[in-house]
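The values are calculated or read from the model by the stated rules, or taken from the named source; none is laboratory data. All values derive from a computational prediction rather than experimental measurement. Virtual Cβ from ideal backbone geometry, glycine too; neighbours counted across all protein chains shown. Accessible surface areas use protein heavy atoms only, side chains included; no ligands, DNA or RNA. Shrake-Rupley method; radii C 1.70, N 1.55, O 1.52, S 1.80 Å.
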2 protein chains.
Amino acid sequence: MTATQQTTGRRRGRMAKRKRQPEAAFDAAWRQWRNPYPPIEQFSADEIEAIHRASMTVLSDIGVRVLSAEARRAFVAAGMTDAGDQVIRFDPDLVETLVAHAPPEVTLRGRGAGRDVTIGGNKVGVCTTGGTPNFSDMKHGRRPGTLAALDDLCRVAQAFDVIHMIGPFVEAQDVPPHLRHFAMTRSVLTLTDKVPFVFFRGTQAVADAYEMIRIAHGLSRDAFADTPVSYSVANSNSPLQLDNLMCRGIMDAASAGQLMVLTPFTLAGAMAPVTLAGALTLQNAEALAGLCLSQIVRPGAPVCYGSFTSNVDMKTGAPAFGTPEYTKAAFASGQLARRYGLPLRSSGVTASNAPDAQAAYEHQMSLWGALMGGTNLLLHGAGWLEGGLTASAEKFIIDIEQLQMFAELFKPVEVSNDTLGLEAIADVGHGGHFFGTQHTLDRFETAFYSPILSDWSNYESWSERGALTAADRAHRIFFQTVAAHEPPTLDPARLEEMDDFVARRTAEGGADIER
Amino acid sequence: MTATQQTTGRRRGRMAKRKRQPEAAFDAAWRQWRNPYPPIEQFSADEIEAIHRASMTVLSDIGVRVLSAEARRAFVAAGMTDAGDQVIRFDPDLVETLVAHAPPEVTLRGRGAGRDVTIGGNKVGVCTTGGTPNFSDMKHGRRPGTLAALDDLCRVAQAFDVIHMIGPFVEAQDVPPHLRHFAMTRSVLTLTDKVPFVFFRGTQAVADAYEMIRIAHGLSRDAFADTPVSYSVANSNSPLQLDNLMCRGIMDAASAGQLMVLTPFTLAGAMAPVTLAGALTLQNAEALAGLCLSQIVRPGAPVCYGSFTSNVDMKTGAPAFGTPEYTKAAFASGQLARRYGLPLRSSGVTASNAPDAQAAYEHQMSLWGALMGGTNLLLHGAGWLEGGLTASAEKFIIDIEQLQMFAELFKPVEVSNDTLGLEAIADVGHGGHFFGTQHTLDRFETAFYSPILSDWSNYESWSERGALTAADRAHRIFFQTVAAHEPPTLDPARLEEMDDFVARRTAEGGADIER
């Protein structure tokens, strides 16, 4: 089901049974976004070079503390310097050589037909939110994440074509940690046919998830190693530290040929310098360090340059998102990623505690920063609330509307004799209207974006229908979409093989979750 | 009072008495916006030329119906053709010659110190909402506009430096139409010291408003005619019609040397072709026609190219705002305005009926379209709701927050040895934090934008304080700002002269309001 049909059905009640709209045009533009606008640049080329050089100085003179002995050995074997006290110092030329191995564009194969997504160049993939401890909806409030909540989020994510990749949503805290990756991965693979996320929670858990995904895709082990079908995020422990778990994940993903996004968590004023130039210098140093490890393990391994630089509230230390500083950092990060020929990851974010106006304007500031900055991989595109502490049902739908608006914004506009409409203008003449002209009738069904959430009715009609806010309406749409979900096709033999694998691994005690 | 102090005081209760922050930096950047980003372009140069040529064909072959005999005479005297049935046909070369007289940049002198604002080039002026029949706030609901509501809106507009120009806000329906312009203009001139709006409601009413503004500024009649101190909007009656009232206004403003913004109301699918290229062709033709009239009356008269192209909901005919189509039209309009060397007007808009997430994301889509499209004059920057049928107290504050974020976004970022922060990064080392470093302490007070409305506290603190949404908080801020208002200085002699003038004109019967 395309998002158009889905949500027309959702929203318009009796109109749901009307004949289907043509799908093809929407699918192409919504499933693989192509950003037609040249990226907005925050800095001059000289300023970007200054940030680059400063980050190279950080890598060579200060270095990165690498907590994994295996990763330190890999760095040293590749020509970096062990400076003692777990610190690796980097040779700038070698950093550039290694990073140059990384592909500028990565195609992730989706499990379902038409679900492939390419990131890089002007192509953009969009992910849902992920990693939040809580789930909330306006009726039942905020509560710890459960597998049932994760399942509902999967169901809604499956319904909308502007979502290409599934984030880990909420922590399913009702499943024991050593088995959680089985349950979560199974939900994503059975309730959606989109590109799944793999958490870096130790080599065993990562290998389990990769194996489940390989089985669901029906790939041989060799084919899997050459086919990116999943993605993971490694966060450096800013400033300038890579812990054992992240080092392992970086190496595991590279070995498996699966996409790894290296995202420093550089909050200016807290884990990074208070100045934007300084925070970006630190971000760049950490991102390159982690990406180097990946390219040492497997030159050409698919990776993405992750940016998450934001700032804190200097009065309280609270993290802030979707701020003007965040937007500028996103613009600048695009310039840095392009300097190294890497795809860019950025995010849709807010610090708001409710699915309200603040959640929307902060999300928009981050979306515009990310997408106009040249982002190729948008994380947390839908559902993120409270600075990432909650996945919100209403925010999910509010964000889907905004994503669909961007997908429409990115569609090219035709300028031709036909669209300039001189005949129609002449026919209508002075003071008339265009409602009934043939020029309008030929095009009205697909001329404009048709929203799923926005209410354009007048105040009187809106009041009569209960004066529902966008969040009220989003609540209803979310749970209607959950109820309407139909699981995508999955070969029963593959499902059985996957379940047998999970049963065996569960009997073996699940995964040793590392911290 | 700067917005910073104002709102720090509003928001932080007991913190209001803390020592004042340095004003200068904020004032300069907030009072005169300079957009550092090159404009986003929707079309290629060839496509813009195609739209230009099509609009010239519209003007020469179809023409514009001009309902004012005086305006028709002016057009014919200048070399255009009377095609009969009130229709004027335009010579394309003459159109370009006339429009070339218009200045590319206009400085509007504000009544108060530091209230001048220049529009054109990369400089941007921001206006409040205007022209809505209703006022609403969440406590008292929606009701017809009154002078008291207009006064409150003036008070809040005065408090925030990101507002440079005062819109006509709500219709003061408790004042009789023939006296309303006196009351409204007096409110704006006594409660604010920013650039006022003049409604085109007939030559007499316009002359009255200009006289009041002239007196408040203490200008001689000659000086007034050479000093833009006010602005007006003329909407063409799309498609292709200029009514008597607008023709009069265009000529009155040109004669008086006051800024006139010519804005076609081209809703694609209703008053304009359903295609974006066609709607822009019509917008361009109508804008140039009206601007020509101004330049015929007074070559070099200050004008602005107005864009308002949006689309309707094709199912209901309801106007839609802040849509992807709106954003694209804003980008394209910037290209057209720049082609003619004219400042561009665009708007912050939404069709939402509540100050909710929809109001925020539609407003953002329109702000980004306008500002990244190269807008020089942002109308309806704060307070517009319901597609312009209501001025909302809460939306006003929600929008002010977004405007302040843009003013901060537009501030340049320094890249220097100092801001790259290598010393700070070396000092903090691996896994530390930057809270207490000298590099942070030296900068933390002004490093980041400090919001007036956004709540970045954690969920628990936010819940304890009543779980207020952005709209709830905005309501409180609006009325606290009203209460804290102090009228700006106005020479008592000028006030007396203005009041004497109003008394005399009232005794004469006020203005003959034309329709």
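For the reader, a short list of remarks on this structure follows.
- Extension gain from A:Glu96 to A:Arg465, taking 0.36 nm per residue of separation minus the Cα-Cα distance: 126.8 nm
- Distance from the C-alpha centroid of region A:476-504 to that of region B:71-113: 66 Å, rounded to the whole angstrom.
- Convex hull of alpha carbon positions in region B:250-348: directionally averaged projected area 6.1 nm².
- Taking the convex hull of Cα positions in the protein assembly as shown, its mean projected area over all directions (nm²): 39.7 nm²
- Relative contact order for region A:84-162, counting Cα pairs under 8 Å that sit 6 or more residues apart, in percent: 14 percent
- Axis angle, to the nearest 10 degrees, between helix B:69-78 and the longest C-alpha principal axis of chain B: 90 degrees.
- Those trypsin sites (Lys or Arg not before Pro) in region B:115-150 that DSSP places in a loop and that have at most 12 other beta carbons within 10 Å: B:Lys139
- The charge dipole of chain A, taken about its Cα centre with unit charges on the Cβ atoms of Lys, Arg (+1), Asp and Glu (-1) only, comes to about 740 debye.
- Calculated P(r) of region B:319-459 - Cα pairs past 25 Å, %: 45 percent
- Share, in percent, of DSSP beta bridges within the protein assembly as shown that are antiparallel, nearest 5: 40 percent
- A label point on A:Arg53, set 7 Å along the Cα-to-Cβ line, lies at 4.9 nm from each of its counterparts in the other copies, closest listed first.
- A simple spin-label model places the labels of A:Asp46 and A:Glu105 3.4 nm from each other, with each point 7 Å out along Cα-to-Cβ.
- Accessible area (Å², 1.4 Å probe, nearest 10) - A:Leu280: 0 Å²
- Spin-label zone in region B:38-56 - amide nitrogen under 16 Å from a point set 7 Å from the Cα of A:Asn417 along the C-beta vector: B:50-51, B:53-55
- For B:Leu262, nonlocal amide neighbours, meaning residues 5 or more places apart or on other chains whose placed amide H falls under 5 Å from its own, are B:Ala234, B:Cys304, B:Gly306.
- When the trypsin sites (Lys or Arg not before Pro) in region B:410-480 are filtered for DSSP coil states and for at most 11 other beta-carbon atoms within 10 Å of their beta-carbon, the remaining sites are B:Arg465.
- When B:Asp93, A:Asp313 are compared by accessible area at a 1.4 angstrom probe, the order from most to least is B:Asp93, A:Asp313.
- Within chain A, the ratio Rg/Rh, alpha carbon atoms throughout and Rh by Kirkwood, equals 0.99.
- In order through region A:381-397: 3J(HN,Hα) via Karplus (6.51 cos²θ - 1.76 cosθ + 1.60), integer Hz, x for Gly, Pro: x, 8, x, 5, 9, 6, x, x, 8, 9, 9, 9, 4, 5, 4, 4, 6
- When only Cα pairs below 8 angstrom with a gap of at least 6 residues are kept, chain A shows a relative contact order of 19 percent.
- Partner chain coverage, peptide A:440-452 - average Cβ within 10 angstrom: 5
- Using only side-chain charges placed at the Cβ, +1 for Lys and Arg and -1 for Asp and Glu, the dipole size of region B:284-344 relative to its Cα centre rounds to 180 debye.
- Crossing angle, helix A:244-256 versus chain A [Cα axis fit, 0-90 degrees, rounded to tens]: 70 degrees
- Non-local Lys pairs in chain B, i.e. 8 or more apart or on different chains, that have alpha carbons under 27 Å apart: 14
- Loop sites by DSSP among the GluC sites (Glu not before Pro) of chain B, restricted to those with at most 12 other Cβ atoms within 10 angstrom, leave B:1-413 as the longest stretch without any of them.
- Helix B:45-57 and the longest principal axis of the Cα set of chain B meet at an angle near 30°.
- Placed amide H near A:Asp116: partners under 5 Å, 5+ positions off or other chain: A:Gly110
- Simple Cβ-charge dipole of the protein assembly as shown, Lys/Arg +1 and Asp/Glu -1, about Cα centre, in debye nearest 20: 1200 debye
- The label-point distance for B:Thr506 and A:Ala223, in a model that sets each label 7 Å from Cα toward Cβ, rounds to 8.6 nm.
- Mean projected area in nm² (Cα convex hull; one quarter of hull surface) for region A:114-200: 6.4 nm²
- Extreme residue, positive dipole direction of the protein assembly as shown, given options A:Asn237, A:Ala100, B:Phe75 (C-beta unit charges): A:Asn237
- Amide H contacts under 5 Å for B:Ile163: none, restricted to partners 5 or more places along the chain or on a different chain, H placed in the peptide plane at 1.01 Å from N.
- The mean number of partner chain beta-carbon atoms within 10 angstrom of a residue's beta-carbon across peptide B:54-63 is 3.
- Expressed in units of 2.2 N^0.38 Å, where N is the residue count, the Cα radius of gyration of region A:401-503 is 1.77.
- Applying the Karplus relation 6.51 cos²θ - 1.76 cosθ + 1.60 with θ = phi - 60° to region A:401-407 yields 3J(HN,Hα) values of 4, 5, 5, 5, 5, 5, 4 Hz, where x marks Gly and Pro.
- Mean per-residue shielding of peptide A:402-411 is 4, counting Cβ atoms of other chains within 10 Å of each Cβ.
- Estimated vicinal HN-Hα couplings, Hz - region A:293-304 in sequence order (Karplus 6.51, -1.76, 1.60; Gly, Pro = x): 4, 4, 6, 5, 5, 8, x, x, 4, x, 9, 9
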